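The values are calculated or read from the model by the stated rules, or taken from the named source; none is laboratory data. Since the model is a prediction, treat every value here as computed from it, not as a measurement. Remember, those area values only see protein heavy atoms, side chains included, never the ligands or the DNA or RNA. Shrake-Rupley method; radii C 1.70, N 1.55, O 1.52, S 1.80 Å.
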Amino acid sequence: MNLSIGNIGVWGFRHYEFLKHHRPSTVGVMRMNGTLEGYLKEVNQEAAEMLETLVRQYAKAEGVTEVLKRADQLEWVRRMNNIRNRAEEVVLGEIIYR
């Protein structure tokens, strides 16, 4: 089976790279069964949804709002970048590197 990397998204690609290096036999079996691309698309969707949810929850919990964005854009960007980085670390640990 030819894997169409362009169709699996950034999170799917990261998980694929992890599997290639740490679980190559799993990749081989999934390729033979024709399930690899679909699986990676599901991983991508799950990771993207988790990231979006975490960013929203962290921002709410930490008071990073549109009011802050209007009042101090640089502070809002700094805090949102921090939130996004922490959320990405959770996604990597919980979904991508499992």
Sequence neighbours fewer than 8 away in the same chain don't count; with that in mind, list the lysines whose C-alpha is under 21 Å from Lys20.
Lys41
Mean ellipticity per residue at 222 nm, deg cm²/dmol - from DSSP H runs of n ≥ 4 across the chain, formula -39500 (n - 2.57):
-25000 deg cm²/dmol
In the full protein assembly as shown, how much of Val90 is accessible to a 1.4 Å probe, in Å² to the nearest 10?
50 Å²
Per-selection Rg to Rh, the chain - Cα, Kirkwood hydrodynamic radius
1.14
May I ask you to evaluate 6.51 cos²θ - 1.76 cosθ + 1.60, the Karplus curve with θ = phi - 60°, for each residue of the range 33-40 and list the ³J(HN,Hα) values in order in whole Hz, giving x for glycine and proline?
7, x, 10, 5, 4, x, 4, 5
Considering the chain as a Gaussian network with a 10 Å cut-off on Cα pairs, which listed residue, Ala59, Ala87, Ala71, attains the greatest mean-square fluctuation?
Ala71
Contour excess over end-to-end distance, with Cα ends at Met32 and Val77 and 0.36 nm allotted per residue
11.7 nm
Quick check: residue separation of Lys20 and Lys60 times 0.36 nm, minus the Cα distance between them. What number comes out in nm?
10.7 nm
